[in-house]
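A short write-up of the structure that comes next.
Bear in mind these aren't lab numbers, they're just calculated from the coordinates by the rules spelled out. Model, not experiment: these values are computed from the prediction. When we count neighbours, we look across all protein chains shown, and the Cβ atoms used for this are built from the backbone with ideal geometry, even at glycine.
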Amino acid sequence: MNSILIGKIVNIHGIKGDVKVYTYTDDIENLTNLKSIFFDKELTKKCKVKYAKVHKNMLIVKLEGINSAEEANKLRDKDLYIPKEEINEEDTFYIEDLIGLDVYDINENLLGVITYVFNTGANDVYEIEKKDKQKFYLPAIKQVIKKVDIKNKKMYVEMMEGL
């Protein structure tokens, strides 16, 4: 997939056509330099961004051609996408890339496969399914996740006490 879902328009902000976006990232500041967004994952329905800023943990976006609260309200519940190549941070991984990764401990013992990723607010948590179908959970923190190799579909972890 060449696009990444970054969030959803959840409300209007003010009376001049700004929209409030609930983002699906833990680095909301990274989205303040957007030049355009798309309303479809195929990246065909493009809209230019006049500005984007963070306000109370939400992304406020001013879209070109949207100049009133009424126009902005018509965009409520729309998903927003960007081209994947616009996000180029080294330690950024997408859920779609993590699902299915084999998880190994630091001694290269296979622990299981990532089957689900969810966010607790503080960090993501990876659901790992073992061969016997039992599941366990790992926090996506640097103390646990040691290496992610998307190309070879492997993740290396160091099990902390209590995990």
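For the stretch 124-163 versus the stretch 20-57, the inter-centroid distance based on Cα atoms is 29 Å. For the residues ASN109, ASN11, ASN30, a GNM of the chain with alpha-carbon springs under 10 Å puts the largest fluctuation on ASN109.
Take every Cα pair under 8 Å whose residues are at least 6 apart in sequence, average their separation, divide by the length of the stretch 58-132, and the relative contact order is 16 percent. Under 5 Å from the amide H of HIS13 lie the amide H atoms of ASP18, VAL19, LYS20, each residue being 5 or more positions distant or on a separate chain, with H modelled from the backbone and absent for Pro and chain starts. Charged neighbours of GLU42, selected by a Cβ distance under 14 Å, balance to +2 (K, R count +1; D, E count -1). Entry note, the chain: relative contact order of 19 percent, from Cα contacts under 8 Å with a spacing of 6+ residues. Listed by chain and number, the lysines whose C-alpha is less than 17 Å from the C-alpha of LYS130, apart from same-chain residues fewer than 8 away, are LYS153, LYS154. For Cα extents along the principal axes in Å, the value computed from the atomic coordinates appears in the list (i) 39, 36, 33; (ii) 57, 30, 27; (iii) 47, 32, 31 under label (ii). Let a ≥ b ≥ c be the square roots of the eigenvalues of the Cα gyration tensor of the stretch 3-86; is it rounded (a/c under 1.5), or, if not, prolate (a/b larger than b/c) or oblate? Taking the square roots of the gyration eigenvalues as a ≥ b ≥ c, the stretch 3-86 is oblate.
Sparse packing (at most 13 other Cβ atoms within 10 Å of the Cβ) combined with a DSSP loop state is found for the following GluC sites (Glu not before Pro) in the stretch 40-139: GLU42, GLU64, GLU89, GLU90, GLU108. Kindly provide log₁₀ I(q)/I(0) values, in the same order as q = 0.11 Å⁻¹, from the Debye equation applied to equal alpha-carbon scatterers of the stretch 95-157. Listed by q, the Debye log ratios stand at -0.21.
Could you pull out the pairs from LYS50/LYS84; LYS74/LYS151; LYS41/LYS62 whose alpha carbons sit more than 31 Å apart here?
Values: LYS50/LYS84 20 Å; LYS74/LYS151 40 Å; LYS41/LYS62 20 Å.
Over 31 Å Cα-Cα: LYS74/LYS151.
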